[in-house]
Amino acid sequence: MTTATSPAGRRLAVAASLARRAAPGTLGLHLALTLLAAGLPVAATWLTKLLLDGLVGTATTGHLLTLGTALALTGMAAGAQPHVTQYLRGELDRRIGLLAQDEVFRAVEGFTGLRRFEDPAFLDRLRLAQRSGGSPYANQALDGLLGAARAVVTVVGFLGSLLVLSPPMAAVVLCAGVPALLAQVLLSRRRARMLWDLGPVERREMFYGDLLSTVEAAKEIRLFGTGRFFRERMTGEKRTANAAKRSVDRGEVRTQGLLALLAAAVSGGGLLWAVAAARTGALTPGDVTVFVAAVAGVQGALASLAAEAANAHQALLLLDHHVAVTSAGPDLVRARGEVPPLRSGIELRDVWFRYSPDHPWVLRGVDLRIPHGSALALVGLNGAGKSTLVKLLCRFYDPTRGAILWDGTDLRELDVSRLRERIGAVFQDYMHYDLTAHENIALGDLAALDDEERLRAAAARAGIHDRLARLPYGYRTLLSRMFFMDTEKDDPENGVLLSGGEWQRVALARAFLRDARDLMILDEPSAGLDAEAEHEIHTSLRHARQGRTSLLISHRLGAVREADRIVVLAEGRVAEQGTHAALLAQGGPYARLFGLQAEGYRGASDDTAALTGGGS
Ligand SMILES: Nc1ncnc2c1ncn2[C@@H]1O[C@H](COP(=O)(O)OP(=O)(O)OP(=O)(O)O)[C@@H](O)[C@H]1O
């Protein structure tokens with residue numbers, strides 16, 4: 001990974017490479033125009049001098065007209081150039097932004113595991129790299145460098161003019177500009193460091209802002225009256241960020257104010273000298289014009305050199321985040337092994353796992369076999385490690401010790417994309433996509449995006465077809481009120497919100513699109529459903545599982561009793577396993593849990609009997 005101490009040359013090469021790949025023609029034009037523009041002020045000054053000296057001297061009318069025309073053309077070029085440059089800069093911004101964003105998210109897509117998404121330092125880098133999509137650091141850096149190059153050309157041109165008129169004055173003006181250059185570079189370093197340090201603060205601020213504006217949190221925030229609490233936390237974070245930025249801004253004002261005073265003193269002194277020299281006839285009126293323009297030009301160009309160099313420097317430092325993300329490489333060891341259809345089964349062999357060395361062990365030596373074609377159920381108390389085991393099966397993480405074998409081959413030796421193509425899943429924290437119903441289901445298998453029949457069949461099996469078909473635009477209705485679809489801008493019925501159970505059915509329909517896969521994982525697939533729907537869904541799931549290898553996790557033990565084998569996970573180990581009947585007969589943790597749940601239902605049926613006048 002590249003760090004903030006990478007050599008500037010390497011960063012520059014990255015910026016140049018991005019720009020060259022994104023928009024070579026625009027870049028070339030921008031470069032040419034910038035350098036041309038650099039010479040314009042010097043040319044205008046010398047043309048003015050020659051014209052003035054010609055006017056007070058003996059120049060012919062034709063000569064004066066030529067000079068006047070050249071001066072007018074220079075003025076026209078100087079007038080048009082900023083607008084063309086601005087357009088070219090904008091175009092470079094857009095094109096480099098597109099490429100930079102694509103590169104960042106291509107890299108993110110390449111992270112096959114989940115660890116990086118849980119690493120706050122990496123998330124900060126990602127956020128800063130993401131920003132480069134809007135205003136690309138590469139273009140800022142190149143623009144800064146071009147601006148600096150332009151300033152150098154202008155400085156050289158004017159310094160040359162000053163040297164002709166007064167070498168000591170040229171030296172004084174140059175020396176007054178050098179501290180400005182150094183100060184700007186130091187200030188930009190400080191600003192880049194400040195932006196990096198503020199990463200976590202801004203992320204928390206954003207989190208509170210999101211929390212206060214999402215419908216998911218709105219209910220609790222209103223009922224618990226926590227709006228003010230979160231708002232104050234958000235403003236607290238903003239104040240912290242503001243204080244850090246204010247401190248850097250104040251430092252800049254102090255430094256730049258002092259430098260501006262120095263520059264004004266040098267210009268004032270120079271002007272007095274020029275006036276005195278003109279009085280003695282050492283300088284012509286044209287020379288005085290050149291002198292005044294040169295002092296102002298050199299000072300302006302040096303200030304702009306310092307500012308542009310500082311901008312370039314700051315952007316190059318920030319470009320490191322882009323480089324860090326795009327060159328982070330895979331987060332899990334990549335392998336190319338083919339993943340043949342499952343024949344024998346999946347085996348967990350002494351699997352130990354913890355999320356990081358600072359976290360406690362979640363799995364502590366799990367030995368488990370899921371034979372091909374069998375339905376295995378995993379039960380256990382909250383935090384027992386069931387969902388973690390599912391994440392290991394999908395290879396979102398690798399076991400810390402031990403191995404998971406697919407027909408005897410370690411998952412680490414298989415191509416992870418191929419492996420995932422063989423898995424269908426409903427996760428406990430399934431996604432609600434702010435997309436149409438059609439797309440929400442089709443995301444389970446993009447090959448079905450244009451296959452209405454398959455989507456409808458999956459929705460029907462999940463018991464959600466009728467509901468979706470009745471929506472204002474049927475399956476094409478947006479399942480969100482987050483934004484408008486282009487086609488429905490004036491329609492008040494745009495966007496529909498589904499209930500929790502309905503969303504769960506949509507997630508199931510998404511999984512049903514993949515149910516021909518070798519391994520079907522269902523992590524709490526019916527947690528949000530009513531009793532009738534749960535029964536109906538489990539019947540459907542049983543059909544889907546028939547003859548397939550499946551792993552079902554559920555806290556409702558009634559739903560898992562028909563599994564071929566039930567595995568009880570406790571404290572990261574397999575506490576017991578067997579069929580429902582065998583486990584009940586064994587009288588262990590499963591029997592105890594089942595007894596507790598059955599007790600609840602028995603109590604409920606006693607209540608029902610009492611209500612209807614039956615029972616005791
Ligand atoms: N990304 C993570 N980083 C760190 N710890 C985690 C992470 N995800 C889960 N854990 C921890 O791992 C343990 C097991 O969590 P897991 O979600 O696997 O349990 P579970 O058996 O599925 O629980 P539940 O029945 O509540 O869904 C918990 O203590 C949890 O805090």
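Before moving on, here are some points about what is shown:
- Checking residue 396 against (1) more than 16 Å from the ligand (Cβ to nearest atom); (2) at negative phi, the condition it does not meet: (1)
- Cross-chain or 6+ apart pairs with Cβ under 6 Å, the stretch 174-195 first and farther than 25 Å from residue 121 by Cα and modelled with pLDDT of 75 or more, then assigned to a helix (DSSP H, G or I) and open to solvent by 30 Å² or more (accessible area, probe 1.4 Å): 183/255
- Here 282, 377 are screened, and the one residue that is within 14 Å of the ligand (Cβ to nearest atom) and among the hydrophobic types (A, V, I, L, M, F, W, C) is 377.
- Pairs, first within 16 Å of the ligand (Cβ to nearest atom) in the stretch 343-372, second in a strand (DSSP E or B) and of a type in the set (D, E, K, R), C-beta under 7 Å, six or more apart: 348/367; 352/364; 352/401; 364/573; 365/350; 365/573; 366/573
- Among all positions in the stretch 550-567, there is no residue which is more than 15 Å from the ligand (Cβ to nearest atom), modelled with pLDDT of 85 or more, in contact with a helix residue (DSSP H, G or I) (Cβ under 7 Å, 6 or more places away or on another chain) and open to solvent by 20 Å² or more (accessible area, probe 1.4 Å).
- Scope the stretch 511-538; condition without any contact (Cβ under 8 Å) to a residue 12 or more places away in the chain and of a type outside the set (A, V, I, L, M); matching residues: 532, 535
- Matching option when the condition is under 30 Å from residue 526 (Cα atoms) and modelled with pLDDT under 90, among 393, 381: 381
- The residue list 15, 38 contains one member that is more than 25 Å from residue 298 (Cβ to Cβ), in a helix (DSSP H, G or I), open to solvent by less than 20 Å² (accessible area, probe 1.4 Å) and at pLDDT below 90, which is 15.
- Among the residues examined, residue 529 qualifies as assigned to a loop (DSSP other than H, G, I, E, B), under 29 Å from residue 437 (Cβ atoms) and away from the ligand (no atom under 16 Å from the Cβ).
- Subset of the stretch 406-415 that is surrounded by 16 or more Cβ atoms within 10 Å (Cβ to Cβ) and part of a helix (DSSP H, G or I) - its residue that is farthest from the ligand (Cβ to nearest atom): 412
- Just one of the listed residues (143, 124, 119) is within 28 Å of residue 206 (Cα to Cα) and open to solvent by 20 Å² or more (accessible area, probe 1.4 Å), and it is 119.
- Where a residue in the stretch 267-288 is more than 24 Å from residue 175 (Cβ to Cβ) and its partner, wherever it lies, is of a type in the set (S, T, N, Q), with Cβ under 8 Å and at least six apart: 278/284; 286/48
- Flag: residue 293 does not match the condition of being touching a helix residue (DSSP H, G or I) at 6+ places or on another chain (Cβ under 6 Å), small (Gly, Ala, Ser), over 30 Å from residue 42 (Cα atoms) and open to solvent by less than 70 Å² (accessible area, probe 1.4 Å).
- Hey, residue 389 within 14 Å of the ligand (Cβ to nearest atom), within 16 Å of residue 407 (Cα to Cα) and either of a type in the set (Ser, Thr, Tyr) or open to solvent by less than 10 Å² (accessible area, probe 1.4 Å) (or both) or not: no
- Pair list, Cβ < 6 Å and 6+ apart or interchain, from the stretch 103-121 residues that are touching a residue at least 24 places away in the same chain (Cβ under 8 Å) to residues that are away from the ligand (no atom under 16 Å from the Cβ) and part of a helix (DSSP H, G or I): 103/326; 104/129; 104/325; 107/325; 107/326; 112/416
- Candidates 447, 403, 425 - the one that is more than 16 Å from the ligand (Cβ to nearest atom) and surrounded by 16 or more Cβ atoms within 10 Å (Cβ to Cβ): 403
The values are calculated or read from the model by the stated rules, or taken from the named source; none is laboratory data. Since the structure is predicted, the reported quantities are computational estimates derived from the model, not experimental observations. Cβ atoms come from the backbone with ideal geometry, glycine included; neighbour counts cover every protein chain shown. Just the protein is used for accessible areas: all its heavy atoms, side chains included, with ligands, DNA and RNA removed. Shrake-Rupley method; radii C 1.70, N 1.55, O 1.52, S 1.80 Å.
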